[in-house]
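First up is the structure itself, then whatever we jot down about it.
The values are calculated or read from the model by the stated rules, or taken from the named source; none is laboratory data. Please read all numbers here as calculations on a predicted model, not as lab measurements. With ideal geometry, Cβ positions are generated from the backbone for all residues, glycine too; neighbour counts draw on all protein chains shown.
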């Protein structure tokens with residue numbers, strides 16, 4: 001494990017990309033793994049033929065993006081963007097693969113994380129098919145809160161939330177107005193302020209809980225839990 005730590009310390013690069021940064025676009029050869037740290041948050045975005053983009057999953061400090069399953073150097077299928085600005089650690093895939101080849105434990109951790117990420121995708125697909133816009137809106141806001149250490153200010157605009165939901169901005173605005181009327185949240189320029197987290201959770205589907213439960217079975221202690229301080 002000392003060799004792995006040395007590899008990380010010598011070859012990783014810490015950066016703080018802006019929220020508008022596009023890290024990977026479809027067709028790119030994936031050569032770098034990005035590890036969000038702190039409040040940094042990335043998302044997988046799937047472009048569609050009608051010009052709309054749909055975000056499938058959010059990745060925070062519990063995970064990484066880029067070459068996790070394919071070991072890199074294969075064309076990317078989705079666009080990966082920075083959702084919340086924050087520090088990211090960048091590591092060449094070649095260095096990570098070398099470290100994994102020397103450590104079965106490290107290789108197993110990444111294999112388990114790939115399983116958890118696939119579970120997120122499955123759950124997101126099911127959620128989009130059966131849950132209402134209101135439920136999914138609450139789910140995405142809570143998901144973002146969890147990765148921001150439970151902070152009540154979530155830097156999401158109506159347009160960004162619409163992309164997460166795969167709907168028009170007008171639909172998102174109507175849902176937000178409903179939540180505001182209920183006293184659940186408020187809006188500021190470029191942000192949503194959660195005033196009643198309990199009410200928001202009651203409005204949400206249970207998809208976040210399902211994903212967390214799977215993480216706890218496969219990689220216990222990794223999924224963000226603001227109540228426990230990590």
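Being modelled with pLDDT of 90 or more and crowded, with 19+ Cβ neighbours inside 10 Å is true for just one of 67, 72, 63, 86. Which residue is that?
Matching residue, one of 67, 72, 63, 86: 63.
Would you mind stating whether residue 112 is in the same structural domain as residue 36 (by TED's automatic domain parsing), surrounded by fewer than 17 Cβ atoms within 10 Å (Cβ to Cβ), at pLDDT 90 or above and touching a helix residue (DSSP H, G or I) at 6+ places or on another chain (Cβ under 7 Å)?
It is true that residue 112 is in the same structural domain as residue 36 (by TED's automatic domain parsing), surrounded by fewer than 17 Cβ atoms within 10 Å (Cβ to Cβ), at pLDDT 90 or above and touching a helix residue (DSSP H, G or I) at 6+ places or on another chain (Cβ under 7 Å).
Return the residues of region 3-53 that are within 19 Å of residue 143 (Cβ to Cβ), in a strand (DSSP E or B) and modelled with pLDDT of 80 or more; say none if nothing qualifies.
34, 35, 36, 41, 42, 43, 44, 45, 46
Return only the number of the condition from (1) out of contact with any strand residue (DSSP E or B) (no Cβ under 9 Å at 6 or more places or on another chain); (2) in the same structural domain as residue 46 (by TED's automatic domain parsing) that residue 123 does not satisfy.
Here residue 123 meets the rest and fails (1).
For the structure I just gave you, tell me whether residue 192 is touching a strand residue (DSSP E or B) at 6+ places or on another chain (Cβ under 9 Å), buried (at least 18 other Cβ atoms within 10 Å of the Cβ) and farther than 15 Å from residue 52 by Cα.
Yes: the conditions hold for residue 192.
Just name the residue that is farthest from the chain's Cα centre (by Cα) out of those in region 174-186 that are without any contact (Cβ under 8 Å) to a residue 24 or more places away in the chain and either in a strand (DSSP E or B) or farther than 18 Å from residue 135 by Cβ (or both).
In this case the residue turns out to be 183.
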